[in-house]
Structure formats: C-alpha cells, structure tokens
1. When you look at A:Glu180, is it loosely packed, with under 14 Cβ neighbours inside 10 Å and under 25 Å from A:Ser246 (Cα atoms), yes or no?
2. Report, by residue number, each residue of region A:110-131 that is surrounded by fewer than 17 Cβ atoms within 10 Å (Cβ to Cβ), closer than 20 Å to A:Arg190 by Cβ and at pLDDT 95 or above.
3. Just wondering, is there one or more residues in region A:231-238 that are in a helix (DSSP H, G or I), more than 7 Å from RNA strand B (Cβ to nearest atom) and of a type in the set (Val, Ile, Thr)?
4. Kindly evaluate A:Gly46 against the criterion of being surrounded by fewer than 17 Cβ atoms within 10 Å (Cβ to Cβ), farther than 25 Å from A:Phe276 by Cβ and at pLDDT 95 or above.
5. Check every one of the helices (runs of 4 or more DSSP H) wholly within region A:356-452 and list those with 3 or more residues that are under 31 Å from the mean Cα position of the chain (by Cα) and at pLDDT 95 or above.
6. So, in region A:132-149, of the ones that are over 42 Å from the mean Cα position of the chain (by Cα) and surrounded by 11 or more Cβ atoms within 10 Å (Cβ to Cβ), which residue ends up nearest to A:Pro170 (Cα to Cα)?
7. Could you count how many residues in region A:455-466 are more than 10 Å from RNA strand B (Cβ to nearest atom), surrounded by 14 or more Cβ atoms within 10 Å (Cβ to Cβ) and without any contact (Cβ under 8 Å) to a residue 24 or more places away in the chain?
8. Condition first: of a type in the set (Phe, Trp, Tyr) and either part of a helix (DSSP H, G or I) or touching a residue at least 60 places away in the same chain (Cβ under 8 Å) (or both). Now tell me which residues in region A:239-278 satisfy that.
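The values are calculated or read from the model by the stated rules, or taken from the named source; none is laboratory data. Owing to the predicted nature of the structure, the values given are computational and were not obtained by experimental measurement. Virtual Cβ from ideal backbone geometry, glycine too; neighbours counted across all protein chains shown.
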Amino acid sequence: MTQTPRGSAGTERPVRVRFAPSPTGDLHIGGVRTALFTWLFARQHGGAFVLRIEDTDQKRYQEESIASITSALRWMGLDWDEGPDAGGKHGPYFQSQRLPLYQEEARALLHSGHAYECFCQPERLDAVRAQQIASRQPPGYDRHCRTLNDEQRAAKRAEGIVPVIRLKIPLDGVTIVQDELRGPVSYENRLLEDAVLLKSDGFPTYHLAVVIDDHLMEISHITRGDEWLPSAPLHIMLYEAFGWESPLIFHTPVILNQDGRGKLSKRQGAASALAFREQGYLPEALRNYLMLLGWSYDDHQEVFPTVDELLGKFDLWRVNPSPSRFSYDKVLWFNQHYINHIIELDDLTRRCMPWLRRAGLVGDAPEGSAAHAHAREAIALIKDKMKLLGEAPDLTRFFFTDVDEYDAASLIQKNTEPANVVLALQRARDIVSATGVDDEAAIEEQLRALAGELGLKAGQLFMPIRVAVTGRTASPGLFETLRVVGQQRTVERLDAAIARLGQND
RNA sequence: GCCCCCAUCGUCUAGAGGCCAAGGACACCUCCCUUUCAAGGAGGAGAUCAGGGGUUCGAAUCCCCUUGGGGGUACCA
C-alpha cells in the first residue's frame, strides 16, 4: 500500500542513499553492482550518494582495503558526495569514529527498556549453542540475562565483567519487513534472537550502527545485498524502539558463481573489482554487464555504453529479486564488444598504452609523438582480436620489436617446396624494397601477380610472408600489417627468414 | 535442524490473464565473406515456462503444496 510508483523517489524526503562497505578485503563484484544501482538511483533523483566505512569489526579490519575499495569505486566512475575524502555535514563517515553516538543510543535503549545488559561469556554462549544443536533445538541466545535484576547486574560488574547490550525482542507477534523488491516479508518474533547491539569492546554491531547512521545521515532508501534480509526485522524493531522512520529498503539479489554453487567467490575466477581492472576490463564494459545481472531494460537492448543512457533507463524497482549466476563468457564478450565497437580508437589507444609500456614495447610515447601514433596504428589492426586490454602487448609485439621465435617449418605451406618458398620470399623482399609498404593496394597487386607467376595460390605466398614478418600464422590483414611494420623491418625480417631456410638445407 | 528468499532455453533475461504453439543476448553448430586469425553477415539447435493441484471462458503470468537452488542462523559484516 505504501508501494512507491516506479521511477519516482518515493518519499517526500530528499533522496539520500549510501554505500557502506566494511574494510575487510577488496571490493567484491556483488558490492560493485549494489553500489552501481545505488549510485544511479542517487544521480537519477539529484540525490546524495554517501560512502560510509563500516569498520566496526576490529578483528577483521584491514587498513589497506579502504584505499582498495575507494580506488575500485573511482575506477568504476562511482563518485560520492559525502564520505572519506569528500567530507559532508553528516560525518564522520567512519563508524569507528562515531563510537560515542552508538554508546549513547544504546544507553537510551537500556533506559527505555528496549534493551538489556548481558554478562554471558563466550564459553557459556558456546556451551548453550552446542547443547541446543545436540538436542536439535534452534540455536540462539537463551535470554539468560534478560531477567537479571539490579543486584545481580551489580554483582556481575563487581566481578569485573563488562556486559554487552542486547535488544529485547518481543516474545510473540510478527514483524513485517517491507522490501521494495519482494513486498512484505514476515518474521515470527519468537524465532528472532536477542541480538547484541553493543559489544563489550564498546563497538556497535552492524545492526545498531547501520540503523543509527542511516537515521542520522538521513538516508531515504537503503540498498544492500540480499544476505541482510534475515536481519532486516531486527532493524525494523530498532527503528520502532527509537521512534524513527525506516527508509525504504531494497535487498539486491546475490551473485552466484558460474556453476550456481554458492556466492561468487574467486574459486572460479576474479571476484573483486580490482582483479577485473588488472586483467584489462574496461569499467564501462564491466558496468554494462553488471547492470544486466538482475536488471533488464526490455527484450532487445543490452548495450548501454553511457551513463546518461543508463540514467534515463535504469529503474531500481525493476531489479529482479532472484539470484543470478556470474558468466565469465558474457563479461568477456562485453569487454571485447566495447573494445572493438564502442570505444573510439584514440581512447582505446590511450588505455592500452600503460600495458604496452609495462611490457617494454614503447617508451614514454606521449600523445602526439610518432611512437604513440605508431601504437595507435597497431592497435587499430588488432582490436578485433583483443578481448582484454591485458592482451594488447602480445597482440602487437611484432609491430614494435623483433618477431617471436618461430618454427622455420611454419614458413613452408602444405604442398609447397622449400626452394620455392625461398625464391618467393626473395622476390617478395625485392618488391617491398622497390615499392615500399605504404601503398597497400600497390603492394597487394604486385604480390598477387608474383603468386600467379610462381604458380602459387595467394595463400601459399602470403602465409610465408606473414610468418616471416610477424612470427605467427595468425595476424591482421597482410598488407596493412606490412604497412604498419614498415618497409625496413619488413625487408629485414624477410631476409632473416630466407637465411633460416637456407641454413636448413 | 530452524527461519527467509528465489524458480522461463546450458547461462543472463523479455514476459505484470488472452498479442506466447514463449522474444532477445552469451555460449554452441552450419553457411557466407576471406591471404591467416578474428570481427562481421545469414541461418540452426536449444524452454511441454521445475512438478502437481487449484482459481478462471482462458495461466509462464494469481493461489496452495512438493521439489530444487540460494541466503541467514556470531560480542562478522
């Protein structure tokens, strides 16, 4: 009944959304997709996109992962209006810097009777759980401390035990979570656990922190992974206990491994955004693919190259709640498609340069330099074979340095005599020497004529030349290849091939 | 075990009661183009809409059950 119309913000409140990763590792591809959906939604509604770091787990915290996460978001073009490096009115944006806030609110819950102190130690909790499992009871806290009186609590304190604070869940009734993508989901309160809100180290658990921060940061729409759905009723209770209004909630579906077994992990390939960058994926290709995991526009358009187009077409309410499998084949297809058909050549060249430099194929080669122009020509010829930017060096190597080692036998086509090949290469060398390689049509005409004269099929002549000049049996078109390799190098390589065949005799 | 979510070609999906003897994309196969490899073009194969009950004149679309898959079940997020 409070279902909001599609495509509209859905509340009178200004749109404010957040992405709230916890710094325990690299940004997972599932997180990237959630961030992408969230960011698009913010941009569509002129709202704020907030980045909040949920660093409340002292044990799993990894400092490096903050830089790694922000770097992955920037790479994907997802900029934030408030958060680390951006500031904002609702900071700090690191939960570890907001401890007093959580502690104060937890105390308020204690006073209002919505929460209680629990002195149970890990050993007891473990024992209780083991006991429950052994007797086939649902595991969960047995509410041992829920009924402690002042004296008993004082006694525990005197022992030096620092309590945690737990939420006092009603023993009966039902809590309904209004998920925007699934509709109402109901949970029986008696099956819910008296969850810990504040740990004994003074840090909040996720549940407490997320509710307080979303409220204080005036978040209007929550987007987060599916795995949070089971704890949503807890959050609803917290909103009620605090007397706050809950944002609209969207649980985005999990991304499963290619074989459908479990959540996407690096078992079957890359699972972190940065791993995709390292292989040479284009952020827009990855974005395009990720968009289509759980969302679709219609029955014929799948390629959405620009953010502008996505802003016009994406609809958060149209996200499909069912989990989907990650297909490495399809992301790779998108990447290849973007490289070959979407990205402009100059842009593509710019993006390939770091790879070529790292491989030692080009030096600085700033834009405008002859070396840069040469690289551009080379890339133009191989881009239809390039699926990943990381393949650029291997695909273009022969345009820059010497040819790879090759087997002299690959110079000899089926049904051709070595002596004829030597002769053919010598004649080809002479033609290249005399005519040069800049005029593709001219060189083609002469080489075809040569083939006719020697009684060879075109391929029988072209293949040895190709192998001699590139070191490979697969290459771009022969004449454009010669042109970009250049006259001098072509002649040298033909001579080298002739010499090798001579030695073999 | 218990709770929750999900269910259309191998995969991602279109589909919001008649327009669907189910459309598109990836992957796969064939042919065309062709100096090789790609890219591209044209075709093909591939889903009794997980199964079973309902509701309805009519169901892939609504309801129930079963099955399957996934998620959760921490002083982790």
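1. no
2. A:Gly113
3. Yes.
4. Values: surrounded by fewer than 17 Cβ atoms within 10 Å (Cβ to Cβ): yes; farther than 25 Å from A:Phe276 by Cβ: yes; at pLDDT 95 or above: yes.
Yes, satisfied.
5. A:370-382, A:392-400
6. A:Arg146
7. So in region A:455-466, the residues more than 10 Å from RNA strand B (Cβ to nearest atom) come out as A:455-456, A:464.
Subsequent filtering for residues that are surrounded by 14 or more Cβ atoms within 10 Å (Cβ to Cβ) retains A:456, A:464.
In the following step, the residues that additionally are without any contact (Cβ under 8 Å) to a residue 24 or more places away in the chain were identified as none.
Number of matching residues: 0.
8. Taking region A:239-278 as the starting set, the residues that turn out to be of a type in the set (Phe, Trp, Tyr) are A:239, A:242, A:244, A:250, A:276.
A:Tyr239, A:Phe242, A:Phe250, A:Phe276, listed by residue number.
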